[in-house]
Amino acid sequence: MNLYNLDVIISVGYRINSAKATQFRQWATQRLKDYLFHGYAVNEKRLARKQKEVQTLKDGIRILSRVIETKAGETDFKWLAEFSKGLGLLDDYDHERLDERGINRRVAKFPDVSDYENIIISMRTEFDSTIFGKAKDDSFQSSIAQVSKGFGEVDFYPSIEEKVATLLYLVIKNHAFVDGNKRIAAACFLLFLKENGLLQSIDGNPIVSNEALASLTLFAESSKAEEMDTVKKLIISVLNRNQH
């Protein structure tokens, strides 16, 4: 049986004094340079195809944006203009341009633990479950306390949007309750927004629709641990852009 081991090949290739070993060292050194200077070594055809796909997406967004700008005033296209904010959000998501920071940096108002508990109690009558809101541990209290944390004068979550996005994510992911974690998280999210005057936009519309609230909650629930920052950025971006 022929057995090839990369460690052995490299060790032998850099120690043997022969023409073939010299060729190997030259080849391996060039590969190392590719990694060091270019940061990656990929198939050129695959890279070109990927670049073409990205360009196609950019072209599509550009065309659609132009349609929105030029046709929004025409009767047949008025509906399209209403979705320009959502299309822009999708574009920013694809290109990793979601908002990292919220726009409201004023001092936040934090509901008491009893306020959150009263919300949970009031929700029990709405759902036919004997275990709804039954705590498994004290991680719920930990979740709602986390959003007010800081170090010295440094606030870990400087804006109200960052605080409430963190609250929604933690209450969902910590699974503090036997049943109802997503519903409780969404209700706590709304309570925090209400306490800080952000339930509605400046024109009086809900800052988050029922559908958007459900979608963001499910998005957070189905995300992986390493995707936490992306989830929070999406929530922050939705809140930021719906205030105006």
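Rounded to the nearest 20 debye, what is the charge dipole size of region 113-241 about its Cα centre when +1 sits on each Lys and Arg Cβ and -1 on each Asp and Glu Cβ?
The dipole of region 113-241 has a size of about 160 debye.
With no solvent and one equal point scatterer placed on each C-alpha of region 150-207, evaluate the Debye formula and give log10 I(q)/I(0) for q = 0.23, 0.27 Å⁻¹, two decimals.
Here log10 of I(q) over I(0) equals -0.92, -1.05.
Based on the Cα atoms of region 113-241, what semi-axes does the equivalent ellipsoid have, where each is the square root of 5 times one gyration tensor eigenvalue, given in whole Å with the largest first?
22, 18, 15
Please report the relative contact order for region 142-244, taking Cα pairs under 8 Å with a sequence separation of at least 6, and give it as a percent rounded to a whole number.
This gives 28 percent for region 142-244.
Take the residue pairs K109/K224; K134/K233; K149/K173; K33/K224; K109/K232; K109/K134 and return only those whose Cα atoms are more than 28 Å apart.
Listed pairs above 28 Å: K109/K224; K134/K233; K33/K224.
At 0.36 nm per residue, and after removing the present C-alpha to C-alpha distance, how many nm does the segment from K85 to K33 gain when stretched out fully?
Answer, rounded to one decimal: 14.3 nm.
Taking neighbour counts of Cβ atoms within 10 Å as a proxy for exposure, in what order, fewest first, do K224, K194, K233 appear?
The fewest-first ordering by Cβ neighbours comes to K224, K194, K233.
Once you place label points 7 Å from the Cα toward the Cβ at A214 and V113, how far apart are they in nm?
Label at A214, label at V113, 3.3 nm between them.
Starting from 0.36 nm per residue, how many nanometres of slack lie between I9 and D92 once their C-alpha separation is accounted for?
25.3 nm
Each reported figure results from applying straightforward, stated rules to the coordinates on display, with no laboratory input. All of these numbers come straight from a predicted model, not from anything done at the bench. Using ideal geometry, Cβ is built from the backbone for each residue, glycine included, and neighbour counts are taken over all protein chains shown.
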